[in-house]
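Input: a single structure, listed below in structure tokens.
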Amino acid sequence: MRDRSREGGFTYIELLATAAIILVLAAALVPIYRWDQKRRYERWLKADLEVMRGAIDQYKQLCDEKKILETDVDQKCYPRTLEELVEGVELHSEDASEVKTMRFLRRIPTDPFTGEEEWGMRSYQDDWDATSWGGENVYDVYSTSTLLALDGKTRYNEW
């Protein structure tokens with residue numbers, strides 16, 4: 001005959017120990033996940049800033065080459081707004097026989113930290129560290145997020 005007190009299965013203590021180990025591992029993974037997510041957002045922000053600044057530089061170069069006609073002296077060959085980069089501008093050939101429309105951005109990117117399509121902007125006439133936009137043109141863009149970056153020293157609006 002078999003002894004029923006020795007049947008297979010887990011004891012209550014073994015189940016508690018297993019649950020405790022799983023909880024400790026899960027608690028360790030949450031900060032790692034948050035750090036990884038913030039790192040991905042930082043890469044996304046850097047890429048968005050690079051694309052917008054590249055579009056501004058391309059606009060400036062074409063304007064300096066007289067392919068984009070300036071309508072205002074205060075513009076200094078920079079776009080008036082980010083929307084102008086999305087909507088496009090007319091490109092003129094040297095002999096003025098051909099006019100094409102060129103778009104520099106498909107859309108205004110979303111800031112990953114604010115979740116908005118709103119960006120801080122500086123015009124050419126503003127100070128290099130200005131936090132308000134003069135409105136004459138768009139010389140530079142930056143994030144409006146004041147969160148601290150993973151390096152622990154800079155804020156995203158300083159990038």
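The values are calculated or read from the model by the stated rules, or taken from the named source; none is laboratory data. None of the values given here were measured: they were computed from a predicted structure. Every residue, glycine as well, gets a Cβ built from its backbone with ideal geometry; the counts of neighbours run over all protein chains shown.
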I'm checking my understanding of the structure. Among residues of the range 35-73 that are among the aliphatic types (A, V, I, L, M) and either farther than 22 Å from Thr101 by Cβ or in contact with a helix residue (DSSP H, G or I) (Cβ under 6 Å, 6 or more places away or on another chain) (or both), which one is surrounded by the fewest Cβ atoms within 10 Å (Cβ to Cβ)?
Val73
Which residue pairs have Cβ atoms under 7 Å apart, sit 6 or more places apart or on different chains, and have a first residue in the range 86-104 that is of a type in the set (Lys, Arg) and a second that is surrounded by 11 or more Cβ atoms within 10 Å (Cβ to Cβ) and outside any loop (DSSP other than H, G, I, E, B)?
Lys100/Leu91; Arg103/Val86
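Okay, residues lined up against (1) farther than 30 Å from Leu150 by Cα; (2) among the charged types (D, E, K, R):
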{"site": "Gly9", "(1), (2)": "yes, no"}
{"site": "Ala20", "(1), (2)": "yes, no"}
{"site": "Lys46", "(1), (2)": "no, yes"}
{"site": "Leu62", "(1), (2)": "yes, no"}
{"site": "Lys66", "(1), (2)": "yes, yes"}
{"site": "Arg80", "(1), (2)": "yes, yes"}
{"site": "Val89", "(1), (2)": "yes, no"}
{"site": "Val99", "(1), (2)": "yes, no"}
{"site": "Pro109", "(1), (2)": "no, no"}
Could you tell me how many of the residues in the range 67-77 are at pLDDT 90 or above and closer than 22 Å to Asp95 by Cα?
3
Which residue out of Thr144, Thr154, Thr101, Thr81 is of a type in the set (S, T, N, Q), touching a strand residue (DSSP E or B) at 6+ places or on another chain (Cβ under 8 Å) and closer than 19 Å to Lys60 by Cα?
Thr101
Okay, strands (runs of 3 or more DSSP E) sitting entirely in the range 55-142 with 3 or more residues that are under 25 Å from the mean Cα position of the chain (by Cα), I get 120-122, 140-142
Spot the failing condition for Tyr142; the list is (1) surrounded by 15 or more Cβ atoms within 10 Å (Cβ to Cβ); (2) without any contact (Cβ under 8 Å) to a residue 24 or more places away in the chain, and only one is missed.
(2)
Please go through the range 83-104 and give me each residue that is out of contact with any Asp or Glu (no Cβ under 9 Å at 6 or more places or on another chain) and surrounded by 14 or more Cβ atoms within 10 Å (Cβ to Cβ), ordered by number.
Glu84, Leu85, Val86, Val89
